[in-house]
Structure formats: C-alpha cells, structure tokens
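Have a look at the structure below before the remarks.
The values are calculated or read from the model by the stated rules, or taken from the named source; none is laboratory data. Predicted model, so just to flag it, every value in this text is computed and none were measured. Neighbour counts are summed over all protein chains in view; Cβ atoms, including those assigned to glycine, are modelled from backbone coordinates with ideal geometry. What goes into the accessible areas is simple: the full protein's heavy atoms, side chains included, and nothing from ligands, DNA or RNA. Shrake-Rupley method; radii C 1.70, N 1.55, O 1.52, S 1.80 Å.
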Amino acid sequence: DSACKNRPLDLVFIIDSSRSVRPEEFEKVKIFLAEMIDTLDVGERTTRVAVMNYASTVKVEFPLRTYFDRASMKQAISHIQPLSAGTMTGLAIQTAMDEVFTEEMGTRPATFNIPKVVIVVTDGRPQDQVQDVAASARTAGIEIYAVGVDRADMQSLRIMASEPLDEHVFYVETYGVIEKLTSKFRETFCAVNVCALGTHDCEQVCVSENGGSYLCDCYEGYTLNPDKRTCSAVDACAPGRHECDQICITRNGSYVCDCYEGYSLNPDKKTCSAVDMCAPGRHDCAQVCLSKEGPYSSDCYEGYTLNPDRKTCSIKEIPSVDMCAPGRHDCEQVCMRDDLSYTCDCYQGYTLNPDKKTCSRVIMSSLLTTEESCKCEAIAALQDSVTSRLEALSTK
C-alpha cells in the first residue's frame, strides 16, 4: 500500500480558482488533489481532509467531518467548479481558521495532538492583506505550505508559509507539472523519522539522526536552553554579536544596522558615511550652516546675532559702550569708533602699519632749506617767550 500510515493530520487544501486559472488548468489542480489523497492514510482516526475553493469569495467544498474514505473525497473533488474573479488569499486562510479548523466541523481536539496543516495552491498575487492573517494562523498552530504556479508571487508565498521556508514553499512552472509535487508531500507527510512524525518535543527545529533519534535546534537569533528542547531569543545587538558600524537594532531575533544623524548607511548595510548636512535643502539655517561631521549648527553673518530658535538671525543693536575707551582697544595712537567696532589711526607725521594697530614715523624725503630753518627757529623762540610770560603771570 502506497498510502501514508505514519502521521495522522487534519489537512485542508485551499485552491485558487480566480480568473487567471484557465478551466483546463483548474482540472489539473483537481487531479493533483486526487493524487495527493491517494498517498494519504485517509480515515476518521487517521488523516482527515477538507477542501476550500476561493477567488473573490470563499467556498468550503467539504469540511473535515464529511468524508473518511478516498473514493468519496475524489468524487466530491471532481465536481468542484471555479469561482472566477479575484484572489483573496488572506480571506481564504481566515475562513479556514474560523469555519474549518473547529471541532464542530471535524477538527480534533488539541489534546489529541493532531497536526493542523494547510496547503495553499495559487498562481497569482493576493489582493488582500495576507501577512497578518497567515501569522495569526501560524500562531494558532496551523502549519502552512504554499504552492506557487506560473505567475505566482514568490514574496507572497514566503510571507504566508511556515518556517523553515525551504520546506514549506514550492513552485512549479505550469499546472501541467503540478503532479510532481505529490512525491514531495508524500516524503514530508509520510517520513518515518521522529521529526517528520511530529512526536518530538523540540520547540523550534527538530534535526533527525540515524537510528531514529533526534536533536533540537533553534531558529537564527535564538539559542538552545539548557533543557536542550526550548529556545530563547538572544540579544543580536550585544557587543561582539553584530557588525554594525554605529547603531544596531534588534529585529525578529536578528538585527539591522542604522546610522547616527548626519550619516547614511552604505550599500553594505553595515558601515556609515558622513553626509553634508549643510548642502542646500538639508538644513534650516537662515544665514550660515556650520558642519563638521554629522549634525550641523547655525550661525549668522557679521553684524547679526542668532535668535533663541538657533536657526534665524536678527541684526545686532549698536553697542552702548565706548569701544575706544581706555583698555577696550589695542590701537597704539588713535582709536576711532564706528557703528559696531573701532579702527586705529596715527598722529600727523606717522603712518599705520600693516597690522592696522601700530604706527611708524614718516621719513622726510628732503632737508629743510635755510629760510625754512630760520622760520622754525623764530617760531620756537616766540613759543618760548610766550610760555615764559604765561608762567610768570601764573606765578603772580
């Protein structure tokens, strides 16, 4: 007998009969279902089978409680008709949870420890939100296999399927060769190893060994606990566990890298490079943007002061202090105040040096004539005489 006798299941087929599935292709799907049933140990106490048909709407062709022999199941499958428009895969999975996987419709109680399995067959992209619905189904203990045909969206298949994905996602080029998947499912459902039978107590991953024994393992981002059965999430961002240049973010047992403000993630998704935060359009400074590495700061042109918002500028008020008062300037001879500061100058006969602060005497280019010299002496004598008279008057 080629039937599977090793692993009882509550098995639900969900088949896509949207407009993209041509009538002759839908007949191929029905042949695939019939051949799958031939490989199973069908019965009330062994494997129970239900079939659902979906497009824009969902139809339960027969639930788990209806047929317990292959002939009746195959006869019912032969009468299934396509529903045409739409591909509401999420709705179909939700309907399986709400209306098929119930004890009233034939699902056995949880105490029986019978695996609940869904096989979705589709050739398109779901037209509804399938991710959350599939996640809820998996959380409820439903194992999901996704079979894609021809134009099927692989990303959607991976979103809905159970882990590990390489054991739960299948693809065939056309409905004409879908029957070849029958042997793959037989190997999965009828394997004699403990891991395939579902009689192990591993929380996440079961690894078969020779002699019928097994070991437990964990998904990436988890570590096996001392009991060698259960798993705990590890901190993927702990020092030494990641390769992020700047910021590590834990996500779903693994991690992703990010960068500080003012840096961008390089194509390697690990290292960061500084961006020019002062490039046009990147900052909100009113006048001057200052950037070294990473974040930027705002500044103002000379004569303006930065407002409390640290972005905009206002013109400075003219200082009320005398910038040319003693001790406030560094001019050697003459200080001249302007609106906001001061400038230096020199006495007559001196010139301002390049440092704009100190002065040097002007060198005369020629000697005085005798007549000019006499005039100077006469002026000096007169000044001495006046000075003497003034001093005498002051004394009296």
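Conditions tested, residue by residue: (1) modelled with pLDDT under 90; (2) more than 30 Å from Cys259 (Cα to Cα); (3) open to solvent by 80 Å² or more (accessible area, probe 1.4 Å).
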| residue | (1), (2), (3) |
| --- | --- |
| Tyr296 | yes, no, no |
| Asp339 | yes, yes, yes |
| Tyr342 | yes, yes, no |
| Tyr347 | yes, yes, yes |
| Cys359 | no, yes, no |
| Ile363 | yes, yes, yes |
| Lys375 | yes, yes, yes |
| Thr387 | yes, yes, no |
| Lys396 | yes, yes, yes |
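Quick one: in segment 298-313, of everything that is at pLDDT below 90 and more than 15 Å from His283 (Cβ to Cβ), which residue is most open to solvent (accessible area, probe 1.4 Å)? Selected residue: Glu302.
Here Ala135, Ala92, Ala96 are screened, and the one residue that is without any contact (Cβ under 8 Å) to a residue 12 or more places away in the chain and open to solvent by less than 40 Å² (accessible area, probe 1.4 Å) is Ala135. Against the conditions (1) crowded, with 20+ Cβ neighbours inside 10 Å; (2) closer than 17 Å to Ser20 by Cα, Gly106 satisfies every one except (2).
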